[in-house]
Structures are given as structure tokens and as C-alpha cells.
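Notes for the one structure printed next.
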Amino acid sequence: MSMPSRLHFDLAQVAKEARQALMADANESRPYAGPTNCEPALLLFRQIETVWLRSNGTPRGAFGLHPPLGAGAQPRGAVTVPAFQAPTIKHPILLPLLNDSGPQLADLIFTGWALGYPLAMYDPGTGTLAVGRRRLRAARPRPESITAISSRR
């Protein structure tokens, strides 16, 4: 199964998931997730033939409940590469929202959302999440000079 080279998510939904992770009573831990497994983070995983970004935050005493899946990847217009397949929900990729130094993923998400950017994009090659707009390339009309020359022949 091949996956898009960049996974596109609705930034408003990703911001909602990030806010939930930061404001939760506790954060879900995952086995094999590394030293940041209990910090506010977004979980990237595949389930039901879709890749999801979901908050790891849970209300107190709700670890046994099945939370909603979160923000689903938007497949439209994706270029695929067979080298990346997102992990299952049992072993998700963790994207910490806060870290000790450097830019904060939480700040990037909330600033992009406030500026009206529609997309969060995950690049599997670098393991990074970015925010922005998708550029649509419009077909260029032929210049008048080329049209005029070709019509004279």
C-alpha cells in the first residue's frame, strides 16, 4: 500500500486536537514511544485505510475509552511513494507539541490557524509537520504573440 509523499490534514481540526492534548488532565502513554511518551503530543497512525492525527490527551479516568480518531489525511491530489506506510495505532509516530528548545509545534499550529492557513502537512521523509496553503497551478494562457504567429500560417 503506498502513501502520499505529503499527508495533508485540515488545520482547524489539527488545532482542535493540539488544544485537547495541551488542556487534557493527562496524556496517554504509548509503549516504545520514547522519552516523550507522556507529554502533550499528536499521534500519527493508520486505521481504517486512512492516516490520522489525534491528540494523546485524555480526561481523567478515561484511558479505557475509545477516543474519536481525530483529523484524517486528505488524499486529493497526493503524489505517492511506496516507501512510507504509517504505523498502526498501537505504535504511532509521536509529534510532541512542546519541547525544551527551539520552535514549538504548538505555536506553529496555532499561529498558522490564526493566520487562516487551511492545511497541516506531514512529510514522512523528514518526519516534520508544517502549516500552509496548497498551491494550485493554473494553466497559463498562450501569449498573444504566439497565438498571432500561429494563426497567420
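The values are calculated or read from the model by the stated rules, or taken from the named source; none is laboratory data. Just so it is clear, the structure is predicted and the values come from calculations on it, not from any experiment. As a convention, Cβ positions derive from the backbone with ideal geometry for all residues, glycine included, and neighbour counts pool all protein chains shown. Please note that ligands, DNA and RNA were not included when accessible areas were found on the heavy atoms of the full protein model with its side chains. Shrake-Rupley method; radii C 1.70, N 1.55, O 1.52, S 1.80 Å.
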Checklist entry - When the residues of the range 35-64 are filtered to those that are of a type outside the set (D, E, K, R), assigned to a loop (DSSP other than H, G, I, E, B) and farther than 17 Å from residue 23 by Cβ, which remaining residue is modelled with the highest pLDDT? => result 48
Checklist outcome for this item: Restricting the range 73-88 to residues that are at pLDDT below 80 and among the small types (Gly, Ala, Ser), the one farthest from residue 20 (Cα to Cα) turns out to be 83
Next on the checklist: Any residue at all in the range 5-25 that's at pLDDT below 90, touching a His at 6+ places or on another chain (Cβ under 9 Å) and open to solvent by 10 Å² or more (accessible area, probe 1.4 Å)?
Outcome noted: no
